[in-house]
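Here is the structure we will look at.
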Amino acid sequence: MRAACAIALLAALGVRADAAPGASAAGQTPSSSETRPAFADWLVDVRKEALARGIQPEILDAALSNIEEPLPVVLERDRAQAEIVLPLEAYLRRRLTPRFINAGREAYARHKTILESIGKAYGVSPSIIAAIWGVESNYGRFSGVRPTIAALATLAWDPRRATFFRGELFDALEILNNGDIDLEHMKGSWAGAMGQVQFMPSSYLQYAEDYDGDGRRDIWSTPADVVASIANYLSARGWKTGDGWGREVRVMPDVARTITNKVERRNGTCRATRDMTVSLPARRWQELGVRLANGRSLPASIGDTALISGSRQHFLVSSNYDVLLEYNCAHSYAVSVGLLADRIAAGGAAAAAPRRSDARRKRQ
């Protein structure tokens, strides 16, 4: 989601740009800038620690020798992250355009064999995999142009989140050391998220897959590795085979007020998990007045779900939705992935057309 890469557009649309997989730095306290060493001295210390970690000297020479100073654009992007998220409905209108949905259906058709075979192997919905691929990098068209090592070195030297990004820097050096990618092609977002899946280095080391068996986990240019890496991440985080992510529901204003007063909110380490209700069975939501988007009663088959709400749109979401939040903890992200997946799976021209309610809202 971005101008030059997936994360940049997320920031432009109001979603925190460091919310890629593995990017959580909650609870980190910035250190005093007065004690920050000069960048050159700091790099000397990084090199010593990297050597102690087993990084080859020639890898370090190539990776660090051309970094003479922090990248100003990275620091500017880090300071300019939007703290006020766009309303959910506004984000969905910008993201789920007919053109973008059509691109998703075309990409699915083009990579159908890979998506479906990998989806089956990992127990993850292939349309969800395709939707994440599309939202993260528009199917590889915009996966980032920033040199990963230089970006991470900049953020690791800066005191605001130094501990987190220092760890990511060493993980990135380990990836180079392993030979999965060369320095020239190791590029991504300004925050260090890499490739078509926008993995942080720590997530890459844990979840990236060499599905085509060529000895490299190539999330930059190999579709099979890209798709398998997304699937592996979702599977490892608890995706339940055969379950959906959620559905839009109708919540009238008086019902919304009742829910606010009677239903507990969740706890969590990020804003999105706190900005949703606890899970309740369909019977309870029905009693509270929640209905399907078409006004019909909720089917008992939907199981336990939590409610998330924008200003006008509401969704009951399953435990699989929590897995989407693990990828990027923002409701605008997770809902857009879920809805895009639904429209990719539905196929046909009708899937790309705005619903009547969407068109009516545009005219208002």
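Throughout, read-outs are computed from the coordinates displayed, never taken from laboratory work. All values derive from a computational prediction rather than experimental measurement. All Cβ positions, glycine included, derive from the backbone under ideal geometry; neighbour counts span all protein chains shown.
In what sequence do Phe39, Phe142 fall when counting other Cβ within 10 Å, fewest first?
Final ranking by Cβ density, sparse to dense: Phe39, Phe142.
Could you tell me the ratio Rg/Rh of region 227-266? Both radii from Cα atoms, Rh via Kirkwood.
Value, to two decimals: 1.23.
Give me the three principal axis extents of region 259-306 from the C-alpha atoms, as integers in angstrom, largest value leading.
If we take the Cα atoms of region 259-306, the spans are 34, 22, 17 Å.
How high is the FRET efficiency from Arg283 to Ala236, r the C-beta distance, R0 35 Å, rounded to 0.05?
My answer for the efficiency is 0.60.
Taking the highest mean first, how do the peptides 148-159, 230-241 order by number of other beta carbon atoms within 10 angstrom per residue?
Answer by packing, highest mean first, reads 148-159, 230-241.
Among 160-171, 332-343, how do they line up by average Cβ neighbours within 10 Å per residue, starting with the highest?
332-343, 160-171
What does the net charge come to around Ile118 if you take all other residues with beta carbon closer than 12 Å to its beta carbon, with K and R at +1 and D and E at -1?
Net of charged neighbours comes to -2.
Which of the listed residues, Phe170, Ala131, Tyr207, is farthest toward the dipole's positive end in region 109-209, when Lys, Arg count +1 and Asp, Glu count -1 at the beta-carbon?
Ala131
Note down the net charge around Asp182, summing +1 for each Lys or Arg and -1 for each Asp or Glu among other residues with Cβ under 15 Å from its Cβ.
Local net charge: -4.
Provide the packing ranking of 284-293, 45-54, i.e. peptides ordered by the mean count of other C-beta atoms within 10 Å per residue, highest first.
284-293, 45-54
With unit charges on the beta carbons (Lys and Arg positive, Asp and Glu negative) and the dipole taken about the Cα centre of region 48-169, which residue among Tyr122, Ala52, Ala150 sits farthest to the positive side?
It is Tyr122, whose Cα lies furthest towards the positive end.
Taking H placed 1.01 Å from N in the peptide plane, check which residues at least 5 places from Phe199 or on another chain put their amide H under 5 Å from its amide H.
Amide H to amide H, under 5 Å and 5 or more residues apart or across chains, Phe199 pairs with Met194.
Would any residue of region 164-179 have its amide N under 14 Å from a label point 7 Å out along Cα→Cβ of Ala62? List them or say none.
173-179
Would you pull out the residues with amide H under 5 Å of Trp245's amide H, same chain only if 5 or more places away, H placed 1.01 Å from N?
Placed amide hydrogens put nothing under 5 Å from Trp245.
Using just the C-alpha positions of region 52-180 as equal point scatterers, what log10 of I(q)/I(0) does the Debye formula give at each q in 0.10, 0.12, 0.20, 0.23 1/Å?
Each listed q corresponds, in turn, to -0.53, -0.73, -1.10, -1.20.
What does the convex hull of the Cα atoms come to per residue for region 49-123, in Å³?
Spread over its residues, the Cα hull of region 49-123 gives 267 Å³ apiece.
Given points 7 Å out from each Cα along the Cα-Cβ axis, report the Thr35 to Arg271 separation in nanometres with one decimal.
My value for the distance between the label points is 3.0 nm.
Could you tell me the largest-minus-smallest coordinate of the C-alpha atoms of region 106-162 on each of the three principal axes, in descending order and whole angstroms?
Result for region 106-162: principal-axis Cα extents of 44, 23, 15 Å.
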